[in-house]
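Report on one structure; see the data block that follows.
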Amino acid sequence: MRLTCPLCGERDRREFYYKGDAIALNRPAPDAGTDAWDDYLYLRDNPAGVTKDLWQHELGCSAWIVVERNTVTHEVLSTALASDVKKATK
Amino acid sequence: MRFSAWQVLKNGLTGNKGWTPHWRSPEPKKEYDIIIIGGGGHGLSTAYHLAAVYGNANVAVLEKGYIGGGNVGRNTTIVRANYFLDGNSQFYSHSLKLWEKMEGDLNFNAMHSQRGIINLFHSDGQRDAAARRGNMMISQGDDAILLDREGVREQVPFLDFEQTRFPIYGGLYHKRGGTARHDAVAWGYARGADQRGVDIIQNCEVTGIDIENGAVTGVQTTKGPIKAKKVGMVAAGRSGQVAAMAGMRLPIESNILQAFVTEGLKPCLDHVVTYGMGHFYISQSDKGGLVFGGDLDFYASYASRGNLSTAEHVIEAGMALMPMIGKAKMLRSWGGIMDMTPDGSPIIDKTDIDGLYVDCGWNYGGFKAVPASGDCFAHLLATGRPHDVAKKFRLDRFRTGVDILDEEGKGSQHNLH
Ligand SMILES: Cc1cc2nc3c(=O)[nH]c(=O)nc-3n(C[C@H](O)[C@H](O)[C@H](O)COP(=O)(O)OP(=O)(O)OC[C@H]3O[C@@H](n4cnc5c(N)ncnc54)[C@H](O)[C@@H]3O)c2cc1C
Ligand SMILES: [Zn+2]
């Protein structure tokens with residue numbers, strides 16, 4: 001698998017660290033309650049199909065990247081800097 | 001039909017014409033007491049235990065594909081009871097005891113082979129950890145022997161003991177550990193359940209779970225609706241999708257685990273050997289192939305096939321540990337969809353929906369659990385109460401933070417196990 005880092009271009013999967021579902025961008029407030037934290041930390045949609053997850057270009061520029069991909073075909077649909085995605089959702 | 005030496009002899013002499021199918025292929029009834037979703041090892045074992053131990057055979061197992069087509073027929077078949085944590089330790093100990101009597105109970109040859117497992121260690125710190133684990137195993141009533149380097153060398157002389165990366169200091173030897181024929185375990189439980197009246201319905205995908213007033217009433221399937229008083233979800237890597245039919249989200253992310261096998265060779269490896277530092281383990285199948293694997297591909301996937309980078313990593317580790325495998329030709333590699341929980345331990349519990357139960361989160365280690373998981377899940381379905389050895393496998397442990405079962409001490413987070 002190859003992922004396109006928005007800064008470095010297309011790179012081998014070995015250069016990236018996988019964090020998990022891009023839910024990690026939506027951290028609840030500290031006092032949001034157990035259910036909100038359970039949703040954020042543990043519960044997952046875990047789709048067989050298109051998903052968005054968070055990777056870091058660890059052996060490259062270190063940028064955090066939101067990768068939209070298909071978990072069944074391993075097709076990568078789009079990548080974007082996590083910081084841009086975060087700004088756009090504010 | 002009962003298998004016996006006499007039957008083998010008789011059928012051998014009469015052209016093998018006397019063998020009959022191992023289970024029926026019934027049409028689904030309109031209603032059952034209990035429906036099991038998923039005909040993998042855990043689903044079949046649950047159905048068998050419901051009928052054989054807990055006295056309820058009005059049960060159907062609904063399998064979307066064929067029996068043995070899921071992880072139960074894709075794993076590297078290691079069976080062991082070398083867990084450390086209170087909660088895991090009792091459960092896997094119970095499971096190994098059930099393995100030891102399974103073939104007699106089922107009248108089926110699962111080729112369970114207690115050939116022994118050697119977990120290697122490579123530093124003083126790891127030796128201490130292995131001794132501690134071994135003591136826990138012994139105090140649980142299981143077996144463990146701490147081997148020094150020469151002790152390991154006596155048994156598996158062909159390893160590279162002086163390798164520069166992780167020189168071998170010794171190993172924790174678990175004699176009762178070993179392997180089994182994975183398909184045979186599925187077939188044996190399917191046959192045993194069928195003989196006791198359970199309906200095993202293949203090519204029957206569950207497409208919906210019917211819930212009225214907070215209680216389950218049945219399921220929708222590709223063979224029509226079927227009513228049930230209780231429903232157990234046992235879909236391993238597909239647990240997330242099945243739970244979604246009941247409007248639930250689970251603490252599970254599905255990842256791929258790969259395995260590899262070489263051409264058949266003369267017997268050369270008697271034990272199961274694990275090389276944790278390199279993320280590699282190996283055994284030799286009864287057919288002669290060297291069966292080996294390593295770590296997950298470490299990202300969410302349902303592809304049933306892995307990535308080259310992981311294959312490369314596994315094979316590098318294999319060459320470092322056991323250079324002679326470089327002479328063997330690799331025949332095949334494949335992947336299975338693993339239901340990974342944040343702490344790496346399973347879930348056997350009721351849900352917030354009345355009559356709906358879940359058995360999942362087997363990660364990369366659910367084959368050895370097949371007998372005990374079936375026993376414990378059947379106990380829960382039949383009595384409404386958790387089995388003593390599975391009380392800690394709670395669904396809400398992540399939300400509450402109580403009794404997280406982080407066997408590997410890595411942290412309770414999705415990408416760590
Ligand atoms: C490569 C590899 C190596 C492994 N090595 C080991 C090992 O050495 N030791 C060990 O202990 N464990 C090992 N495991 C883990 C073990 O195989 C699994 O944890 C275990 O088999 C999972 O339980 P199961 O047998 O019930 O799963 P499965 O056999 O996957 O059963 C689940 C079933 O549910 C069915 N299903 C899904 N959705 C639906 C639906 N909607 N309707 C109807 N049916 C449905 C599926 O078709 C499937 O047959 C390994 C796994 C892999 C992939
Ligand atoms: Zn980059």
- Measure nothing but the geometry: give the 0 to 90° angle between the long axis through the Cα atoms of B:124-139 and the longest principal axis through the Cα atoms of chain B, rounded to 10°. 40 degrees
- Message: Can you tell me which aspartates and glutamates have their Cα less than 17 Å from the Cα of residue B:327? Leave out same-chain residues fewer than eight positions away.
- Response: B:160, B:263, B:312, B:316
- Item | trypsin sites (Lys or Arg not before Pro) restricted to DSSP loop in segment B:288-378 with at most 14 other C-beta within 10 Å | B:305, B:329
- Note to self: with every protein chain in place and a 1.4 Å probe, segment B:1-152 gives an accessible area per residue in Å² of 46 Å²
- Message: Please give the charge dipole size of chain B, origin at the Cα centre, charges +1 on K and R Cβ atoms and -1 on D and E Cβ atoms. Round to the nearest 20 debye.
- Response: 1080 debye
- Message: Amide H of residue B:289 versus every other amide H placed in the peptide plane: which residues, excluding those fewer than 5 positions away on the same chain, fall under 5 Å?
- Response: B:265
- Query: If exposed GluC sites (Glu not before Pro) are those in a DSSP loop with at most 16 other Cβ within 10 Å, what is the longest stretch of chain B that has none?
  - Reply: B:206-407
- Message: To the nearest 20 Debye, how big is the dipole of segment A:2-89 about its Cα centre, given +1 on the beta carbon of each Lys and Arg and -1 on that of each Asp and Glu?
- Response: 300 debye
- Item | Antiparallel content of DSSP bridges confined to chain B, in %, to 5 | 70 percent
- Message: Accessible area of segment B:329-417 with a 1.4 Å probe: how many percent of it is carbon plus sulfur?
- Response: 47 percent
- Query: Long-range amide H contacts for residue B:113: which residues qualify at under 5 Å (H placed 1.01 Å from N, peptide plane, sequence gap of 5 or more or a different chain)?
  - Reply: B:179, B:180
- Kirkwood hydrodynamic radius of segment A:2-89, Cα pairs, Å: 13.8 Å
- If the cut-off is 19 Å between C-alpha atoms, which aspartates and glutamates fall inside it for residue B:392, apart from same-chain ones fewer than 8 positions away? A:38, B:86, B:339, B:343, B:349, B:352, B:359, B:375, B:403, B:406, B:407, B:408
- Query: Given the pairs B:29/B:229; B:97/B:266; B:30/B:223; A:19/A:52, which are separated by over 19 angstrom at their Cα positions?
  - Reply: B:97/B:266
- Query: Which Cα, out of A:85, B:380, B:224, lies furthest along the positive dipole direction of the protein assembly as shown (beta carbon charges, K/R +1, D/E -1)?
  - Reply: B:224
- Would you please name the chymotrypsin sites (Phe, Trp or Tyr not before Pro) within segment B:26-112 that are DSSP coil residues with at most 13 other C-beta atoms within 10 Å of their C-beta? B:66
- May I ask you to evaluate 6.51 cos²θ - 1.76 cosθ + 1.60, the Karplus curve with θ = phi - 60°, for each residue of segment B:102-119 and list the ³J(HN,Hα) values in order in whole Hz, giving x for glycine and proline? 4, 5, x, 4, 8, 6, 8, 7, 8, 6, 5, 10, 8, 8, x, 10, 10, 8
- Message: Taking the Cα centroid of segment B:4-71 and of segment B:219-240, what is the distance between the two, rounded to the nearest whole Å?
- Response: 17 Å
- Message: Please report the antiparallel percentage of the DSSP beta bridges confined to the protein assembly as shown, to the nearest 5.
- Response: 75 percent
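The values are calculated or read from the model by the stated rules, or taken from the named source; none is laboratory data. What you see is a predicted model; the values in this text were computed from it and never measured. FYI the Cβ positions are ideal-geometry reconstructions off the backbone, even for glycines, and counts take in every protein chain you see. Keep in mind that these areas ignore ligands, DNA and RNA; they rest on the heavy atoms of the full protein, side chains included. Shrake-Rupley method; radii C 1.70, N 1.55, O 1.52, S 1.80 Å.
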